[in-house]
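The values are calculated or read from the model by the stated rules, or taken from the named source; none is laboratory data. All values derive from a computational prediction rather than experimental measurement. Cβ coordinates were reconstructed from backbone atoms using ideal geometry, including for glycine residues, and neighbour counts include every protein chain displayed. What goes into the accessible areas is simple: the full protein's heavy atoms, side chains included, and nothing from ligands, DNA or RNA. Shrake-Rupley method; radii C 1.70, N 1.55, O 1.52, S 1.80 Å.
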Amino acid sequence: QVQLVESGGALVQAGGSLTLSCAASRSLLTINSMGWCRQAPGKERELVGFITSRGSTNYVDSGEDRFTVSRDNAKNTVYLQMNSLKPEDTAVYYCAAIFSTESYWGQGTQVTVSS
């Protein structure tokens with residue numbers, strides 16, 4: 001098992017930047033991948049991007065050019081850097097620890113982008 005705590009959500013203006021953090025209760029090196037997902041009101045949860053235990057990153061189309069996932073193994077923390085934010089980025093952002101047969105989620109952090 002692993003506990004995840006996200007932080008950093010805020011109200012920002014369109015065009016601004018924000019960095020979210022996700023602190024894990026165990027070493028990131030013992031977790032296959034760490035991902036960021038988001039869920040907007042009335043929509044399904046969608047993957048934004050993830051980073052593997054080896055440091056490889058992958059993004060879905062909605063965040064590929066503006067979002068960056070990184071990690072600090074010493075702090076057991078994963079980050080989501082978001083630039084050029086748009087109102088449609090408004091959502092609750094969740095961190096996930098992904099294993100081969102199961103995943104664990106944090107409680108989420110709210111990001112609101114005003115136009």
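Observations
- Residue match in region 75-87 (condition: at pLDDT 95 or above, open to solvent by 20 Å² or more (accessible area, probe 1.4 Å), assigned to a strand (DSSP E or B) and not aromatic (Phe, Trp, Tyr)): yes
- The lone exception for residue 101 - which of (1) in a loop (DSSP other than H, G, I, E, B); (2) touching a residue at least 40 places away in the same chain (Cβ under 8 Å); (3) within 19 Å of residue 2 (Cα to Cα) it fails: (2)
- Lone unmet requirement of (1) in contact with a Phe, Trp or Tyr (Cβ under 8 Å, 6 or more places away or on another chain); (2) closer than 18 Å to residue 26 by Cβ; (3) at pLDDT below 95 for residue 106: (3)
- Options 6, 46; residue that is in contact (Cβ under 8 Å) with a residue 12 or more places away in the chain, open to solvent by 30 Å² or more (accessible area, probe 1.4 Å) and of a type outside the set (Lys, Arg): 46
- Candidate set: region 91-107, residues that are buried (at least 19 other Cβ atoms within 10 Å of the Cβ) and of a type outside the set (A, V, I, L, M, F, W, C); chosen: the one nearest to residue 38 (Cα to Cα): 93
- Restricting region 33-60 to residues that are small (Gly, Ala, Ser) and assigned to a strand (DSSP E or B), the residue that is farthest from residue 76 (Cα to Cα): 49
- Every residue from region 13-43 that is hydrophobic (A, V, I, L, M, F, W, C) and open to solvent by 20 Å² or more (accessible area, probe 1.4 Å): 14, 18, 23, 29, 40
- When the residues of region 49-72 are filtered to those that are among the basic types (Lys, Arg) and open to solvent by 40 Å² or more (accessible area, probe 1.4 Å), the one that is farthest from residue 111 (Cα to Cα) is 54.
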